[in-house]
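Okay, so here's the structure we're looking at.
The values are calculated or read from the model by the stated rules, or taken from the named source; none is laboratory data. On a predicted model such as this, the values are computed, not experimentally measured, just so you know. Heads up, the Cβs are rebuilt from the backbone with ideal geometry, glycines too, and the neighbour counts pull from every protein chain shown.
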Amino acid sequence: MQELTINAIGAQGDGLARLSDGKPAFVPLTLPGETVLARMDGARGELAEILQGSADRIDPACRHFGVCGGCAFQHWAAEPYRAWKADQVRVQLSMEGLETEILAPFAAPPASRRRVALHARKIKGGAQLGFKERRSWNLVPIAECPVTDPRIVAALPALARLAEPFLEHPKSAPTLHVTLTATGLDIDVTGVERKSGGLSADARMRAAMAASEGDFARVTMAGETVYGARQPLVKLGQAVVALPPGSFLQAVPAAERAMVAFAVAEAQGAARIADLYCGVGTFTFPLAEVGAVHAAEMNAPSIAALKAAMGATPGLKPIHAEARDLVKRPVLSTELAKTDVVVIDPPRAGAAEQTVEIAKSKVAKVVSVSCNPATFAKDARALVEAGFRLEKVLPVDQFVWSPHIEVVGVFTR
C-alpha cells in the first residue's frame with residue numbers, strides 16, 4: 001500500500017502520480033489534488049482509500065460505477081471534467097506543433113446513447129447481459145445505465161432472453177450490438193461459434209420467438225437475418241434510411257446533430273461537396289441541401305442504403321454515391337478539381353492516404369470529423385504543411401464520462 005498525491009489525469013482516464021523513485025503511477029477513479037492510498041502492481045494501482053478528497057469529487061450517477069469498465073469519470077464535476085476533455089485535444093495538436101481556437105465542447109446529455117454493445121454469459125436458467133469490468137474479461141451484470149437511452153435499458157430483460165439461444169455452443173461468447181431506430185431495436189449478434197455449424201434450427205427458432213416477444217425490429221447474426229419484423233429506419237437530414245445489418249451510426253443523436261450542423265454551416269455557399277467515409281449518409285443528406293455531393297464509402301451495403309434513400313427524398317441537390325476503399329483507392333486530387341468543400345469522417349486509424357490527395361488538390365475548405373484526436377492531429381499536420389490553416393476545432397463529448405473525445409476541425413487555404 002502506498003500513499004500518493006494525484007497530480008493530473010492521464011489520457012486513458014487514470015489519475016497520474018509519482019512513486020518514491022520518481023516513476024509514474026496510474027490510479028483509476030482518482031482526481032487531481034487528491035491524496036490516496038493505492039495497492040500498486042508496478043506502475044498500475046487500485047484505489048484503496050481517499051485520504052484527502054478533491055472539491056471536484058461528486059457522487060456517481062450509477063450503482064455500477066467503479067466496477068463497470070464503461071465509465072471513468074462519473075465522480076468528477078462537470079466543469080473540470082469537460083475542461084480536461086478539451087485539453088486532450090489541445091495536447092494532441094501541440095504534439096504535432098499545431099495551435100488553433102478550441103471551441104467550448106459540445107456535451108452529450110446522459111441517457112442519450114442509442115447504440116450499445118452488450119456481452120452475454122450463460123447462467124443457470126438463462127443468460128446474463130452486461131459490460132466488462134475495468135481491465136477484466138469478467139462481466140458486470142447491468143441493471144441500469146445512466147448513459148444509455150431508457151428504451152434500451154427497459155429492454156434489458158427481453159434482450160437477455162434473446163441472448164440465451166446464442167449461447168448454445170460452450171465456446172460462444174455473444175455480443176449484442178443494439179441500435180435504437182425509429183422502428184424499434186435492431187440487434188446484430190457477433191461472437192457465436194460457427195466452426196460447429198452455427199446455431200441449430202431449434203436455437204434459431206427460440207431466438208426468433210424471443211425477438212417477437214421483445215417486439216424487436218430485427219435480429220441478425222453477423223449480418224445474417226435471424227428475425228425480421230420491421231425494417232430499422234433512421235432519419236438523416238430529410239432522408240429516411242433503411243439500415244443494413246451492423247451499420248455504423250453516431251452513438252448519440254444529439255452529438256450527431258451538433259457535428260452535422262457544424263459541417264453544414266461551414267459548407268454554406270459550396271456548389272460541389274465531397275463527403276468521404278460517408279457511411280449511410282449522416283452528413284451526405286444534410287450537405288445535399290447545400291450543394292451537389294460526391295459520397296464515397298468502403299462498405300457497399302451502406303452505399304446501397306444511401307442510394308435507396310436518395311430515390312425517395314425529393315428536393316436534394318444531386319448525389320453521386322460510390323462504394324470505394326479510400327485507403328487503397330482514395331479520391332484523387334484530380335477528381336477533386338471542381339470540389340469546393342471536403343467533409344471527411346474516417347475511422348480511428350485516420351485518413352493518411354486520402355489526406356495526401358486532399359493536400360495535393362485545390363480544395364478551398366476541409367471539415368474533418370474524427371473520433372481520435374491523435375490521428376486527427378497527424379492528418380491536420382499534413383494539411384497544414386500543404387498550405388491549409390486549421391481555423392478552429394469543436395470538441396464533442398459524445399461518450400459522456402469516458403476518456404474518449406471527438407473533434408470536428410475546419411481547414412481553409
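Summary of values
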| read-out | value |
| --- | --- |
| Residue in segment 284-305 that is buried (at least 21 other Cβ atoms within 10 Å of the Cβ), among the hydrophobic types (A, V, I, L, M, F, W, C), in contact (Cβ under 8 Å) with a residue 60 or more places away in the chain and assigned to a helix (DSSP H, G or I) present | yes |
| Checking His177 against (1) under 22 Å from Val252 (Cβ atoms); (2) assigned to a loop (DSSP other than H, G, I, E, B), the condition it does not meet | (2) |
| Residues of segment 206-222 that turn out to be without any contact (Cβ under 8 Å) to a residue 40 or more places away in the chain, farther than 18 Å from Pro157 by Cα and not polar (S, T, N, Q), as a count | 1 |
| Any strands (runs of 3 or more DSSP E) falling wholly within segment 180-230 and containing at least 1 residues that are at pLDDT 95 or above and touching a Phe, Trp or Tyr at 6+ places or on another chain (Cβ under 6 Å) | 184-190, 218-221 |
| Of the criteria (1) over 26 Å from Val393 (Cα atoms); (2) in contact with a helix residue (DSSP H, G or I) (Cβ under 9 Å, 6 or more places away or on another chain); (3) crowded, with 21+ Cβ neighbours inside 10 Å, which one Ala263 fails | (1) |
| Verdict on Ala349 being of a type in the set (A, V, I, L, M, F, W, C) and modelled with pLDDT under 95 | yes |
| Selected residue (criterion: farthest from Pro110 (Cα to Cα)) from residues of segment 12-60 that are part of a loop (DSSP other than H, G, I, E, B) and β-branched (Val, Ile, Thr) | Thr30 |
| Test: Ala72 is among the small types (Gly, Ala, Ser), part of a strand (DSSP E or B) and not assigned by TED's automatic domain parsing to the domain that holds His119 | no |
| Among the candidates Ala382, Ala349, residue that is over 21 Å from Arg272 (Cβ atoms), in the same structural domain as Ala271 (by TED's automatic domain parsing), assigned to a loop (DSSP other than H, G, I, E, B) and aliphatic (A, V, I, L, M) | Ala349 |
| Long-range neighbours under 8 Å by Cβ, at least six apart or interchain, first residue outside the structural domain of His119 (by TED's automatic domain parsing) and more than 14 Å from Lys195 (Cα to Cα) within segment 161-172, second modelled with pLDDT of 95 or more and of a type outside the set (D, E, K, R) | none |
| Residue match in segment 62-69 (condition: in contact with a strand residue (DSSP E or B) (Cβ under 7 Å, 6 or more places away or on another chain), outside the structural domain of Lys378 (by TED's automatic domain parsing), at pLDDT below 95 and within 29 Å of Val393 (Cα to Cα)) | yes |
| Within segment 114-132, considering residues that are among the basic types (Lys, Arg) and under 19 Å from Ala251 (Cα atoms), the one farthest from the chain's Cα centre (by Cα) | Lys132 |
| Test for Ala359: is it touching a residue at least 60 places away in the same chain (Cβ under 8 Å), part of a helix (DSSP H, G or I) and either touching a Pro at 6+ places or on another chain (Cβ under 7 Å) or surrounded by fewer than 23 Cβ atoms within 10 Å (Cβ to Cβ) (or both) | no |
| Count - residues of segment 127-151 that are touching a helix residue (DSSP H, G or I) at 6+ places or on another chain (Cβ under 7 Å) and small (Gly, Ala, Ser) | 1 |
| Criterion: in contact (Cβ under 8 Å) with a residue 60 or more places away in the chain and either closer than 24 Å to Lys392 by Cβ or in contact with a Cys (Cβ under 7 Å, 6 or more places away or on another chain) (or both) - qualifying residue of Arg348, Arg257, Arg272 | Arg272 |
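Here's the yes/no breakdown for (1) of a type outside the set (D, E, K, R); (2) more than 25 Å from Val400 (Cα to Cα); (3) buried (at least 22 other Cβ atoms within 10 Å of the Cβ):
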position: Lys132; (1), (2), (3): no, no, no
position: Trp137; (1), (2), (3): yes, no, no
position: Arg151; (1), (2), (3): no, no, no
position: Phe166; (1), (2), (3): yes, yes, yes
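Matching residues to (1) at pLDDT 95 or above; (2) surrounded by 16 or more Cβ atoms within 10 Å (Cβ to Cβ); (3) closer than 26 Å to Ser247 by Cα:
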| site | (1), (2), (3) |
| --- | --- |
| Asp41 | no, no, no |
| Ile50 | yes, yes, no |
| Gly53 | yes, no, no |
| Glu101 | yes, no, no |
| Arg113 | yes, yes, yes |
| Leu118 | yes, yes, yes |
| Glu144 | no, no, yes |
